[in-house]
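Everything below concerns the one structure shown next.
The values are calculated or read from the model by the stated rules, or taken from the named source; none is laboratory data. As the structure is a computational prediction, the values presented were derived from the model and not from experiment. Don't worry about glycine lacking a Cβ; one is built from the backbone with ideal geometry, like all the others, and counts go over all protein chains shown.
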Amino acid sequence: MINKVTLIGNLGGDPEVRRLEGGTAVARFSLATNESYKDKDGNFQTVTEWHNVVVWRELAERAERSLKKGMLVYVEGKISYRKYTTQEGQDRYVTDIVANTFRMLERREGAPDSRFPPAENAPAARSSEMPVTAPAEPVPAGGDDLPF
């Protein structure tokens with residue numbers, strides 16, 4: 001059986017971190033994902049879904065250090081349902097994404113992005129270095145030469 005969730009979205013706020021009695025760190029943050037579609041009138045509409053994300057231990061400490069409101073983040077984990085009873089005796093149900101990994105998809109403000117050299121150091125593109133390719137030949141009617 002598989003219980004796997006993959007999300008890419010923006011943080012709704014800085015992670016809220018707390019420590020349990022044994023010192024275990026747990027962080028919670030909200031993540032917004034957007035979906036766009038055309039309505040019946042041809043206008044684009046955007047629907048935003050909010051997800052509650054929970055991370056534990058070292059991952060919670062990393063979230064506390066590196067995640068900030070508004071950042072674009074990749075999150076992978078599992079969906080978890082829980083029930084609790086309020087002080088008034090009402091049952092409440094909560095859906096969480098328990099993340100086992102996350103990755104920032106944009107660099108933090110003021111931090112150099114070591115994956116790419118600065119643009120001013122990039123060599124200038126020269127059109128003479130671009131390979132010229134011949135247009136593709138049309139596939140004859142009735143198929144191609146593939147053996148399968």
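Table for the structure above
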quantity	calculated
Condition check for Lys4: exposed (fewer than 15 other Cβ atoms within 10 Å of the Cβ) and farther than 26 Å from Tyr93 by Cα	no
Residue list for region 70-105, filter: touching a strand residue (DSSP E or B) at 6+ places or on another chain (Cβ under 7 Å), more than 19 Å from Thr33 (Cα to Cα) and not acidic (Asp, Glu)	Tyr81, Arg82, Lys83, Tyr84, Thr85, Thr86, Arg92, Tyr93
Qualifying residue in region 10-23 (condition: in a strand (DSSP E or B) and of a type in the set (S, T, N, Q))	yes
Candidates Arg62, Arg92, filtered to the one that is in a helix (DSSP H, G or I), among the charged types (D, E, K, R) and at pLDDT 95 or above	Arg62
Qualifying residue in region 11-23 (condition: modelled with pLDDT of 95 or more, of a type outside the set (Ser, Thr, Tyr), exposed (fewer than 15 other Cβ atoms within 10 Å of the Cβ) and within 20 Å of the chain's Cα centre (by Cα))	yes
Search result, residues across region 55-70 that are surrounded by fewer than 18 Cβ atoms within 10 Å (Cβ to Cβ) and either under 14 Å from Thr6 (Cβ atoms) or not charged (D, E, K, R) (or both)	Trp56, Ser66, Gly70
Filtered residues of region 30-52 (kept if farther than 19 Å from Leu105 by Cα and among the aliphatic types (A, V, I, L, M))	Val47
